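These notes concern the structure reproduced below.
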Amino acid sequence: MTTGPDLGPGRRRGPRTDVDVRARLVAVAERMFGEQGLDPVSARAVAREAGVAPGALAYHFPDGKTALVAAVVDRRMTLVGEDIGRRLGALLERDGEVAPRELVEAVLLPAVALIQADPVGGLRWMRIIARLQLAEDPSWVAAVSGGPKLDELLAAVAARVLPDRDRHEVASRVGIAVFSVLALLVSPEQVGGVRGAPGAGLDAAFVERLADFAAAGIEGGPAAAGRQA
């Protein structure tokens with residue numbers, strides 16, 4: 001899967017094919033959405049930043065910003081989603097109970113791998129995904145329910161976690177843990193500034209602490225809290 005270059009604000013290359021124009025719009029949209037947030041950035045602003053005429057934007061994205069956001073999600077979701085789906089599927093193929101930490105790692109590690117491979121662009125994309133997840137945006141819902149059907153796989157694995165506990169309670173804890181993992185992963189400066197210089201990638205110790213924190217949240221109870229002390 002190619003992501004296309006981010007050519008920077010306003011730069012033009014002269015004649016470009018339709019594929020180049022679409023790829024440029026998606027790349028610039030990812031950068032702007034990741035840096036500024038989704039609500040403040042309009043589709044027209046993306047076109048202006050990309051040096052693309054409004055008519056070209058409408059040609060490639062007739063539904064405007066909604067379609068542009070969906071394209072940004074799809075830009076990296078195939079790679080990340082397939083990795084998550086593969087890890088969750090492997091847990092389901094095993095017999096017996098699934099540990100909370102194993103479920104957390106199945107969701108966390110593909111996101112970590114993306115950010116380590118592309119510290120700047122990967123982090124921007126993950127910020128967008130975390131915001132869409134929080135808002136339960138249709139683009140997020142479509143992404144996790146299509147392809148490997150991550151929502152169904154996650155629910156199936158969650159049913160194997162702590163089987164002696166109330167199913168609804170465990171499912172609720174899993175949902176909170178997954179959101180917390182994504183939210184904290186893209187905002188590590190809020191938990192001690194462990195990322196180091198911009199573009200340096202994620203600190204391994206931070207990732208370990210994040211996984212422990214999320215797993216303890218799924219398990220809950222005084223015993224789990226005591227083990228994390």
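Derivation of every value follows stated rules applied to the coordinates shown; laboratory data play no part. Quick caveat, the model's predicted, so the values are computed rather than measured. For neighbour counting, all protein chains shown are included, and Cβ atoms are generated from backbone atoms with ideal geometry for every residue, glycine included.
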Practice problem: Starting from the Cα of Ser145, step 7 Å along the direction of its Cβ; do the same at Ile176; then give the gap between the two resulting points in nm. | Solution: 2.5
Self-check item: region 96-165: C-alpha gyration tensor shape, a/c 1.5 cut-off, then a/b vs b/c
Solution: oblate
Quiz item: If you stretched the chain out fully between Arg48 and His168, how much longer would it get, using 0.36 nm times the residue separation minus the C-alpha to C-alpha distance?
Solution: 38.5 nm
Quiz item: Taking 0.36 nm per residue of separation and subtracting the Cα-Cα distance, what length does fully extending Asp63 through Ala155 add?
Solution: 30.0 nm
Practice problem: Return the distance in nm (one decimal) between the two label points of a simple spin-label model at Ala204 and Glu136, each offset 7 Å from Cα along Cα→Cβ. | Solution: 4.0
Quiz prompt | Selected from Pro110, Val80, Gly122, residue furthest toward positive end of dipole (region 47-165; charges at beta carbon) | solution = Gly122
